[in-house]
Amino acid sequence: NAGVTQTPKFQVLKTGQSMTLQCAQDMNHEYMSWYRQDPGMGLRLIHYSVGAGITDQGEVPNGYNVSRSTTEDFPLRLLSAAPSQTSVYFCASSQDQTSGAVRNTQYFGPGTRLTVL
Amino acid sequence: GIQVEQSPPDLILQEGANSTLRCNFSDSVNNLQWFHQNPWGQLINLFYIPSGTKQNGRLSATTVATERYSLLYISSSQTTDSGVYFCAVDPPFQGAQKLVFGQGTRLTINP
């Protein structure tokens with residue numbers, strides 16, 4: 001298993017440009033999520049999905065869109081990039097949401113480092 | 001919302017030393033997870049521990065849910081233990097798992 005993969009690893013955008021960060025998992029996990037990590041801070045939840053066709057907002061959703069058409073893929077779209085969106089973005093997945101270590105343990109991708117000029 | 005505080009923010013130790021990292025949270029939680037972010041940025045889950053004690057090799061963790069804190073113990077530290085350690089909690093009654101992370105403890109193990 002490749003686990004959770006993210007592309008690209010690095011990206012530089014100009015203010016106002018749009019782009020899509022890709023995330024895929026091959027573990028047949030129902031739950032997927034996107035986080036951003038800013039310097040010296042922990043991770044903050046942007047959006048999450050509990051299954052194909054179902055998405056919802058996290059703590060910091062403004063400026064981002066998501067969709068989940070398949071179990072495997074959960075892309076994050078930046079509609080009009082702003083310098084405040086300069087960050088490292090992590091995608092994560094877990095088996096599902098029911099209680100218990102096996103089902104709830106989060107697996108993270110390697111991250112995408114995004115700079116908006 | 002729930003507050004998660006980790007201490008100390010930074011910890012510098014010599015190889016072979018033991019360390020204790022603390023995570024305090026301000027409300028009840030469904031679950032608590034500890035993560036290690038290595039110097040290359042990769043996040044690895046260490047423990048899923050909403051309550052009780054677990055051990056995995058040189059690492060162990062204890063969560064006292066009634067007193068709203070968790071401890072991560074690292075014994076006989078190695079340079080590969082360096083990185084940032086995060087705890088993350090999932091508050092209840094939200095309809096879905098929404099992890100809230102602390103700001104992390106940066107651990108540096110010198111040879």
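Residues that are outside any strand (DSSP E or B) and within 11 Å of chain B (Cβ to nearest Cβ) were ranked within the stretch A:40-62; the one that is surrounded by the fewest Cβ atoms within 10 Å (Cβ to Cβ) is A:Gly40.
Within the stretch B:43-102, how many residues are out of contact with any His (no Cβ under 7 Å at 6 or more places or on another chain), in a strand (DSSP E or B) and within 13 Å of B:Leu21 (Cβ to Cβ)? Matching residues across the stretch B:43-102 total 15.
Considering (1) assigned to a loop (DSSP other than H, G, I, E, B); (2) at pLDDT 95 or above; (3) buried (at least 20 other Cβ atoms within 10 Å of the Cβ), the lone condition that A:Thr70 does not fulfil carries the number (3). Of the residues making up the stretch B:46-100, those that are of a type in the set (Asp, Glu) and either within 14 Å of chain A (Cβ to nearest Cβ) or surrounded by 15 or more Cβ atoms within 10 Å (Cβ to Cβ) (or both) number 2. Report whether or not A:Pro83 is farther than 24 Å from B:Gln6 by Cα and either touching a residue at least 60 places away in the same chain (Cβ under 8 Å) or surrounded by 19 or more Cβ atoms within 10 Å (Cβ to Cβ) (or both). Yes: the conditions hold for A:Pro83. Picking from residues in the stretch B:21-45 that are buried (at least 21 other Cβ atoms within 10 Å of the Cβ) and more than 18 Å from A:Arg36 (Cα to Cα), the one that is nearest to the other protein chains (Cβ to nearest Cβ) is B:Asn31. The residues of the stretch A:72-85 that are more than 13 Å from A:Leu21 (Cα to Cα) and over 14 Å from the mean Cα position of the chain (by Cα), listed by number, are A:Ser80, A:Ala82, A:Pro83, A:Ser84.
The values are calculated or read from the model by the stated rules, or taken from the named source; none is laboratory data. Predicted model, so just to flag it, every value in this text is computed and none were measured. When we count neighbours, we look across all protein chains shown, and the Cβ atoms used for this are built from the backbone with ideal geometry, even at glycine.
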